[in-house]
Amino acid sequence: MIELKKLTVVAALAALIAMPAASFADGAAIAKEKCAACHGKDGNSEDPKVPKIAGFSAATITDMMEEYRSGDRKGDKYKPKDGAETDMNEVAKSLSEEETEAVAEYYAKQKFMPANNKFDAKLAKKGAKIHDKRCEKCHSEGGSLAEDDAAILAGQWKEYLEEQFEELSKGERPMPKKMKKKFMKLNEDQKKALIEFYAAGGK
């Protein structure tokens with residue numbers, strides 16, 4: 001009888017360990033409660049100031065959330081229409097690791113819908129050449145491939161891109177050493193061209 005109880009406990013623990021993070025927390029439900037007001041139900045935000053995160057790899061979203069949780073990356077306070085003011089740092093801190101993983105998996109399965117941006121086609125063409133030379137290695141296929149475990153840049157909101165480029169230029173947002181070395185060599189005209197390229201959908 002004692003041996004049977006031991007086996008039952010061991011089996012239960014084994015099942016618990018094998019259970020995926022999503023079984024501990026419903027990613028869709030958490031996303032609806034914590035993220036949808038700003039990023040949209042499926043991660044395709046309708047506000048040019050808020051990034052589209054649908055289709056990002058789960059690893060990318062998890063890494064971003066960790067940066068916000070640790071404070072390495074500062075999130076602006078934001079108040080969506082008919083919603084309460086939110087702060088990405090506070091949202092990240094409010095989620096457990098299992099909940100963060102569940103949310104990341106949920107958004108990773110959603111389809112990224114490119115923003116309908118206005119862009120300068122001539123400047124975007126120049127940006128394409130700069131991207132191929134400086135950025136394609138890590139942001140392949142024009143910055144559209146989620147498998148790179150980097151944010152999808154192609155088709156992202158132009159206004160958001162402009163804000164992020166400014167933060168990167170001022171050193172207000174962390175970036176890998178390899179990226180920093182290349183990014184800091186860009187002049188303002190090159191940065192503008194890259195933004196137009198990504199706003200055009202990376203084409």
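Taken together, the values in this text are just the output of simple stated rules run on the coordinates, not laboratory data. Nothing here was measured: the structure is a model prediction, and the numbers come from that model. When we count neighbours, we look across all protein chains shown, and the Cβ atoms used for this are built from the backbone with ideal geometry, even at glycine.
Brief remarks follow.
- Of Ile130, Phe56, Pro114, farthest towards positive along the dipole that unit charges on Lys, Arg, Asp, Glu beta carbons give the chain: Ile130
- Along region 87-97 the Karplus relation, 6.51 cos²θ - 1.76 cosθ + 1.60 evaluated at θ = phi - 60°, assigns HN-Hα couplings of 9, 4, 4, 6, 4, 4, 5, 7, 9, 6, 4 Hz to successive residues, with x for each Gly and Pro.
- Residues whose amide H lies under 5 Å from that of Arg73, counting only those 5 or more places away or on a different chain, are Tyr68; hydrogens are built 1.01 Å from N in the peptide plane.
- Inter-label distance, nm, simple model (7 Å from Cα along the C-beta direction), Asp26/Ser94: 1.8 nm
- Distance between the pseudo-spin-label points of Glu159 and Lys122 (7 Å out from Cα toward the beta carbon): 2.6 nm.
- Extension gain, Glu167 back to Lys129 (0.36 nm per residue minus Cα-Cα distance, nm): 11.4 nm
- Built amide H within the under 5 Å cut-off of Thr86, gap 5+: Tyr78, Lys79
- Relative contact order for the chain: 25 percent, from Cα pairs under 8 Å spaced at least 6 residues apart, divided by residue count.
- Applying Stokes-Einstein at 20 °C and 1.002 mPa s to the Kirkwood radius of the chain, computed over alpha-carbon pairs, gives a translational diffusion coefficient of 117 µm² s⁻¹.
- In terms of the mean number of neighbouring beta-carbon atoms within 10 Å, the peptides 188-195, 117-124, 175-182 order highest first as 188-195, 117-124, 175-182.
- In order along region 168-180, the Karplus-derived 3J(HN,Hα) couplings, from 6.51 cos²θ - 1.76 cosθ + 1.60 at θ = phi - 60°, round to 5, 5, 8, x, 8, 9, x, 8, x, 4, 4, 5, 4 Hz, and Gly and Pro are given as x.
- Calculated from backbone phi, Karplus (6.51, -1.76, 1.60) coupling profile of region 115-132 in Hz, x at Gly/Pro: 6, 8, 8, 8, 8, 8, 4, 5, 6, 4, 5, 5, x, 4, 5, 5, 4, 4
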